[in-house]
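Data first, discussion second: the structure below is written as structure tokens.
The values are calculated or read from the model by the stated rules, or taken from the named source; none is laboratory data. In this text, all values refer to a predicted model and were calculated from it rather than measured experimentally. Here the Cβ positions follow ideal geometry from the backbone for every residue, glycine too, while neighbour counts run over all protein chains shown.
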Amino acid sequence: MKFKKLGTTDIDVSLICLGTMTWGTQNTEKDAFEQMDYSLSKGINFFDTAELYSVPPNSDSYGKTEVMIGNWFEKRKNREKIILASKVAGPGCNWIRGGGNNFDEKKIGEAIDGSLKRLKTDYIDLYQLHWPERSTNFFGKRDYTVDNQEGDWNSFESVLEALKKFIKNGKIRYVGLSNETPYGLSRYIELSKNKHLPRMMSVQNPYNLVNRTYEIGMSEISIREKCGLLVYYPLATGALSGKYRNGKMPKNSRQALFKGWERHLNPLAMKAYDEYFNLAKEYNMTMAQLAQAFVNTRPFVTSNIIGATTMEQLKENIGSVNIELSDEILKRIDDIHNNNPNPSP
């Protein structure tokens, strides 16, 4: 396994992070235990979850994934071996603290206490804001559109002030962002410097061969400010494995079971998948190996969050850490990207 520093901390996190959001819907607790055991045996020391999980999000699935992780900690007695990341949900889910703005001190405190109880731990290493309270572009929205009906949201400074209290009392160690924009990330970093407030150590956003939008505005901040990307959707919700090519719809796949990820199967994206499939085949790789190895090469990436519903998928994804992409392959990837940039944001 390879490791990188988490932000400006002295923590080394594995380049491959174990994603967990399917545990409780597509995966059982037995599956989750098997995935965690195997990942740990392969050198992975970084797990990512959220109070919202499992997905698709609803009142029945809420918190299930954290419960499974907590049960594993209790059974294995190995909490100290894992750098654990979780998240507080943003607004919009009416089954979570009433669905309103969730980043005031009281609601953040309730979220942390709930996660700690489910996770059966005294602390969370990295606590992330799952998505912004303000109206902006994330979850597949390409462009920022002014919302004249936008309601109130907690200021960046007040959020950092609240998080500072929970760091001070030891419930969380470090903080990070998710589904954030250049404006949000830069404001948080500026305030942490000028007001002596907690520093954001990472940003968890989507990034993959068909969505390289992070490179446009965020990557420079990540590199210059040492606030790296924790990649989610490195396989574009499984589409970069090639399993949806040629009109296929595997029976128990996410696209077959649930709604909400259709943007990954639009015509331009499908065209790109065919080109990446052919490139991978030419170099004797699977399409998933090509996609994961590409993410692993990016200098602004701190860790690549992989998700799997089968052990076969998990092993293939973890194995990508040992694949080296030549300059020639990287150029071919850029050629495909430049001819059809970011078809699936």
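In table form, for the structure just shown:
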item: Identity of the residue in segment 120-138, β-branched (Val, Ile, Thr) and part of a loop (DSSP other than H, G, I, E, B), that ends up surrounded by the fewest Cβ atoms within 10 Å (Cβ to Cβ); result: Thr136
item: Near pairs, Cβ below 8 angstrom, 6+ apart or cross-chain, from segment 39-66 (more than 18 Å from Thr121 (Cα to Cα)) to any residue that is small (Gly, Ala, Ser) and outside any loop (DSSP other than H, G, I, E, B); result: Gly43/Ser14; Ile44/Ser14
item: Among (1) over 30 Å from Leu126 (Cβ atoms); (2) surrounded by fewer than 22 Cβ atoms within 10 Å (Cβ to Cβ) - the single one Ala269 does not satisfy; result: (2)
item: Selected residue [more than 26 Å from Lys5 (Cα to Cα), modelled with pLDDT of 95 or more, buried (at least 20 other Cβ atoms within 10 Å of the Cβ) and in contact with a strand residue (DSSP E or B) (Cβ under 9 Å, 6 or more places away or on another chain)] from Ser39, Ser54, Ser86, Ser115; result: Ser54
item: Residues of segment 285-314 classified as within 19 Å of the chain's Cα centre (by Cα), more than 19 Å from Arg212 (Cα to Cα) and outside any loop (DSSP other than H, G, I, E, B), total; result: 2
item: Evaluation of Arg224 against (1) among the basic types (Lys, Arg); (2) under 20 Å from Asn340 (Cβ atoms); (3) without any contact (Cβ under 8 Å) to a residue 24 or more places away in the chain (one fails), failing number; result: (2)
item: Which listed residue is under 15 Å from Lys81 (Cα atoms) and small (Gly, Ala, Ser), from Gly43, Gly19; result: Gly43
item: Residue among Thr25, Thr20 that is buried (at least 19 other Cβ atoms within 10 Å of the Cβ), over 15 Å from the mean Cα position of the chain (by Cα) and touching a residue at least 12 places away in the same chain (Cβ under 8 Å); result: Thr25
item: Among residues of segment 242-262, those that are surrounded by 16 or more Cβ atoms within 10 Å (Cβ to Cβ) and part of a helix (DSSP H, G or I), counted; result: 2
